[in-house]
Amino acid sequence: MVTSESNSSVQALNVHYRESEQKTLLMLKDGFHNSLGRFSLWVPKEDCCKWKGVGCNNEIDNVISLNLHSPDSSKLLQGSISHGFGNLTSLAVLDFSYNYLMGSIPHNFGNMTSLIVLDLSYSVLEVPILATLKSDSTIAPLQTFTLTRTSSFLQ
């Protein structure tokens, strides 16, 4: 039997967890330049599950998908992936396609053990990202890893 007291404890835990995910998403946003207003609705006082590109599991209020693909070259994201990004442990789908990502994949990227789809297609990637993805055996659950027409700087 579930009491209202235990139910409210679960809700409080979920809200705290979502607040942590929201902080991580705001750090991710801060790592990008040239976003041309793509993150205008990503504000701390708004529930991150209502932000454009963010998908949540309604039962447990976790962020489970992040779609940051750029619809055209004038809106591509430029920047690096924040080091706290691996804290999104419930993330199952991540789409960074059609962007310019710099730097390397954060060390804790492997914490995202629920990740099953990673799309980096048509993106410009620097070598550290490709090298990390090739050598990180903790990303084993991936079912779809797309690098279609992805360019990298190999110099």
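We did not get these values from a lab; they are worked out from the coordinates using the rules stated. Here the structure is a predicted model, which is why all the values come from computation and not from measurement. Positions of Cβ are generated from backbone atoms using ideal geometry, with glycine treated the same way; all protein chains shown enter the neighbour counts.
As a proxy for reagent exposure, I60, I81 were ordered by neighbouring Cβ count within 10 angstrom, fewest first; the result is I60, I81. Among the trypsin sites (Lys or Arg not before Pro) found in the stretch 15-100, those both in a DSSP coil and sparsely packed, with 14 or fewer other Cβ atoms within 10 Å of their Cβ, are K45, K52. How many angstrom lie between the C-alpha centres of the stretch 103-126 and the stretch 26-79? Computed from Cα coordinates, the inter-centre distance equals 16 Å.
The slack in the chain from L41 to N108, taken as 0.36 nm per residue of separation less the alpha-carbon distance, amounts to 21.4 nm.
Among the GluC sites (Glu not before Pro) within the stretch 10-116, those in coil by DSSP and having at most 16 neighbouring Cβ atoms inside 10 Å are E46, E59. The Cβ shell under 9 Å around S35 holds other residues with a net charge of +3, Lys and Arg each +1, Asp and Glu each -1.
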